[in-house]
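Here is the structure we will look at.
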Amino acid sequence: MANLHTTFLEYNRIMRLSDDKRNELIIARDGLRYRIEANFDAAKSGMNNDPERKSFIDELLEFQSQGSYVMDTIINPIHGDYDLDDGIYLIGKRPRGQRPEPEELHRLVIQAIGADPKTIEKVIDKNTCVRVIFKAGFHIDLPIYYAGDKKCPDLADKKRGYTLSNPVEFIAWFEQKINSGFRTEFLYETKLYRNEYRQWLTDIRKQDHQLRRIVRYLKSWGDLRREEMPCGLVMTILAANHYAPRDRDDVSLMETLVNIHAALSKNFRCDRPTTPKGENLLDEYKNKDAFMKYLKYFIDSAKAALQENDAKKACGYWQERLGNRFPCHLVQSTNTNTSANILSGLVSGASSNRPWGKAM
C-alpha cells in the first residue's frame, strides 16, 4: 500500500493560505474597519435625516472576527479569490419588530464603506452580508448583526429577516472537536484577551491538527467545481462530524469520505450544530445527485490509491480528484509488496470501525 502522507502534507502547504496573504487580508480588514468606523456617524446622520425613513438608527458599532480565518481552515482557491469574514455588530436593545429593516442596516454599512477606487473594485449587497471585492484579488464578507448581547446576535438577512445566529459558537464547536484550547472570551472580550488570543492563533497554526487539514482537502476538492459543490461551512461540518483520525492523512481522508458518503446516503442533510441549531444547510442545495456522484468518484480513486503498490500510480489517483496542484512530480515510482492482512481491511464496509469497504 503506497504511503503518500508526506505528499499530502506538501499539498496542504501548497493550497493553505500563505502567511503573506493572511497578512494582506488582515491589513485590508483593519483598513476597512477604520473606514467604516470613521464614516459611521455621518452615514447614520444621513440616513436619519432622510424624511422618507420611518425608523431612527442610534445603535453603536462593534466588529468581531469569525469564520475560516480564525479556525485556520482557509485555503488559497485555484482562481485566487480568497476571502475573510468580519462580523459587524450594531449594539442596541430594540426588539425585532421595532428595529430598522435589515436592508437599512446593509445600506448603512455600504454608505460607511464609501468609495475607494485605489483598492476596492466593487461592493456587492448580498442577502446575508455586504461583500467588498478588492483589486488585489480577494474579498471580505461583512455579515451584519443586531445584538443587545454579543452572545445572542441576530443576523440581518435581507431575505429571511432577523435570524438568531452566533458565529463564535460555531468556532467553539469546531475547536472543541480537537481540544485546541479556544475560549469564546478571545472574541467576546477582545481587548482583555488580546495577547492570549494572538498566542492561540500562533499555536494552532504551528500544530496544524489533522482535522484542519482534512477540511482544507475537502474545500480544495470542492473548489475544482465551485458552483456545483456545497459551501465551505457544509464541508467543515461534514468533515468534523465524520472525521476518522489516523496516523496518515491519505488514510484519514479516505475513511472520512466513506463516513460522509454513508451518512448522506441514509439521510442527505447537514444540520447546523450551533444557533440556529438543527437548521439543514443542505435544504436548498440543488446539486445532490452531482455531489454524491463526485463523492463516489473521490472514494473510488482514494481506495484505488491505497491499494496501489506503486507510489507514482497511487499519486495519479489522488491527482484525478484533487487537481494538478497535488504534487505528483515529487513522487518516485515504487513497487513495495503489501501483505494480504493490510489489504483485507479494505473490504470491511463503510459502517465498520475502519470503513474501507467497496464504494456504493
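Quick notes on this one:
- Residues (part of a helix (DSSP H, G or I) and not hydrophobic (A, V, I, L, M, F, W, C)) located in segment 149-168: PRO167
- Extreme residue, surrounded by the most Cβ atoms within 10 Å (Cβ to Cβ), among residues of segment 95-131 that are assigned to a loop (DSSP other than H, G, I, E, B) and small (Gly, Ala, Ser): GLY114
- Scanning segment 52-73 for residues that are modelled with pLDDT of 85 or more and out of contact with any strand residue (DSSP E or B) (no Cβ under 7 Å at 6 or more places or on another chain) yields a count of 7.
- Criterion: part of a helix (DSSP H, G or I), more than 26 Å from TYR294 (Cβ to Cβ) and touching a Phe, Trp or Tyr at 6+ places or on another chain (Cβ under 8 Å) - qualifying residue of ILE214, ILE140, ILE171: ILE171
- Filter result for ASP223 (touching a strand residue (DSSP E or B) at 6+ places or on another chain (Cβ under 8 Å) and either surrounded by 15 or more Cβ atoms within 10 Å (Cβ to Cβ) or farther than 21 Å from ARG269 by Cα (or both)): yes
- Flag for PHE326 being in the same structural domain as GLU228 (by TED's automatic domain parsing), part of a loop (DSSP other than H, G, I, E, B) and at pLDDT 95 or above: yes
- Restricting attention to segment 158-167, the residues that are surrounded by fewer than 22 Cβ atoms within 10 Å (Cβ to Cβ) and in contact with a Leu (Cβ under 6 Å, 6 or more places away or on another chain) total 1.
- Entry remark, segment 188-219: residues being buried (at least 18 other Cβ atoms within 10 Å of the Cβ) and among the charged types (D, E, K, R) number 4 in total.
- Considering only residues in segment 51-62 that are charged (D, E, K, R) and without any contact (Cβ under 8 Å) to a residue 12 or more places away in the chain, the one that is surrounded by the most Cβ atoms within 10 Å (Cβ to Cβ) turns out to be LYS54.
- Within segment 267-284, tally of residues that are touching a helix residue (DSSP H, G or I) at 6+ places or on another chain (Cβ under 8 Å) and among the basic types (Lys, Arg): 1
- Residues that are assigned by TED's automatic domain parsing to the domain that holds ASN76, among the acidic types (Asp, Glu) and surrounded by 13 or more Cβ atoms within 10 Å (Cβ to Cβ), drawn from segment 1-50: GLU24, GLU37
- Set side by side, the residues PHE134, PHE182, PHE138 differ, and just one is over 30 Å from GLY114 (Cβ atoms), surrounded by 18 or more Cβ atoms within 10 Å (Cβ to Cβ) and not assigned by TED's automatic domain parsing to the domain that holds ILE237, which is PHE182.
- Taking the listed residues ILE120, ILE140, ILE113, the one that is touching a residue at least 12 places away in the same chain (Cβ under 8 Å), within 16 Å of PHE63 (Cα to Cα) and more than 18 Å from the chain's Cα centre (by Cα) is ILE113, with no other qualifying.
- Matching residues, segment 258-303, being small (Gly, Ala, Ser), touching a residue at least 60 places away in the same chain (Cβ under 8 Å) and surrounded by 16 or more Cβ atoms within 10 Å (Cβ to Cβ): ALA262
- The residues of segment 177-200 that are in a helix (DSSP H, G or I) and over 16 Å from the mean Cα position of the chain (by Cα), listed by number, are GLU185, PHE186, LEU187, TYR188, ARG194, ASN195, GLU196, TYR197, ARG198, GLN199, TRP200.
- So LYS93, is it out of contact with any helix residue (DSSP H, G or I) (no Cβ under 9 Å at 6 or more places or on another chain) and in contact (Cβ under 8 Å) with a residue 12 or more places away in the chain: yes
The values are calculated or read from the model by the stated rules, or taken from the named source; none is laboratory data. Model, not experiment: these values are computed from the prediction. Neighbour counts are summed over all protein chains in view; Cβ atoms, including those assigned to glycine, are modelled from backbone coordinates with ideal geometry.
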